[in-house]
Amino acid sequence: MTTIRTRFAPSPTGLLHIGNARAALFNFLFARHHGGEFLLRIEDTDRERSTQQAVDVIFDGLAWMGITADETPVFQSTRQPRHTEVALELLEKGLAYKCYCTPEELKQMREDAMANGKPPRYNGMWRDRDPSEAPAGAPYAVRIKAPREGETVIEDLVQGEVRVANAELDDMIILRSDGTPTYQHAVVVDDHDMDITHVIRGDDHLTNTFRQAMIYRAMGWDLPRFAHLPLIHGPDGAKLSKRHGAQSVVEFRDEAICRKPVQLPAASGLGPWRCGNPVP
Ligand code: GLU
């Protein structure tokens, strides 16, 4: 029988708040319930926006909540060579291609699409163009060839069957012209390599799932099961954020809002519940 493996994959670009913590909890409890494994991956590929403070809050907040990973946490930035390797494999197989579009050309493409009442998508300009036409020495991005016909269907464990016409997907970038992988690409390669069986995350990622499915299919990899959770919203209906006063998880600890330590039964497998604060 396959071991259930889940993961929590926060980006350390903002401080872990209860919305993120809730996703971590679902992943952790689902894995525990099934006798599986729970993993932590810090998605720190955005070097400019990632901060050490945010990484510390992830570790401290999860430790305070008793959510412990079963393997050494993975820092996504260390896996860049592997992300590149997979992109090159897709290039070699002809399932991805080099796109030499300049920022001006891309801007024009978006404007043209919008003027025609179409969503601003890449128009496949370099998809079938002969590589000999490439401007010598010019930088290029690697794009995946999106399927143009049929539809992609995801059997989501929370949302049910969700489908999108493939014509809605465009040839997204997997490697930027500076050689860095995009989120869509890195997350698929890492979830595959970490043997993740269930991806449980906020439903703001549902549209990403259709895009990520392209990479799984192109590589001939099995897709994990997906469960997209409704998000916690603020009173104005918008996704919970700092603007709603969303605190970092460690602020709750520091404000001593949990006062009564509770001892969970050993059989729960959650370990003794602990509160970081002195009991009054
Ligand atoms: N790093 C992403 C985020 O913090 C999550 C990626 C995922 O769960 O697939 O939104």
message: Within the stretch 191-204, take every residue that is more than 17 Å from residue 181 (Cβ to Cβ) and within 12 Å of the chain's Cα centre (by Cα) and give me the one that is surrounded by the fewest Cβ atoms within 10 Å (Cβ to Cβ).
response: 204
- prompt: If you go through the stretch 1-26 one residue at a time, how many are outside any loop (DSSP other than H, G, I, E, B), closer than 12 Å to residue 62 by Cα and either within 13 Å of the ligand (Cβ to nearest atom) or of a type in the set (S, T, N, Q) (or both)?
  reply: 7
- request: With the condition kept exactly as written, say whether any residue in the stretch 146-155 is surrounded by 15 or more Cβ atoms within 10 Å (Cβ to Cβ) and among the charged types (D, E, K, R).
  value: no
message: Any residue that is modelled with pLDDT under 95 and over 23 Å from residue 203 (Cβ atoms) - is there at least one of those in the stretch 71-79?
response: no
message: Need pairs with beta-carbon distance below 9 Å; first residue more than 13 Å from the ligand (Cβ to nearest atom) and within the stretch 170-196, second of a type in the set (Asp, Glu) and in a strand (DSSP E or B); sequence gap 6+ or separate chains.
response: 195/37
query: Do you know which residues across the stretch 27-47 are surrounded by fewer than 21 Cβ atoms within 10 Å (Cβ to Cβ), away from the ligand (no atom under 14 Å from the Cβ) and part of a helix (DSSP H, G or I)?
result: 29, 32, 33
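The values are calculated or read from the model by the stated rules, or taken from the named source; none is laboratory data. Nothing here was measured: the structure is a model prediction, and the numbers come from that model. In this analysis, Cβ positions are derived from the backbone assuming ideal geometry, glycine residues included, and neighbour counts consider all displayed protein chains.
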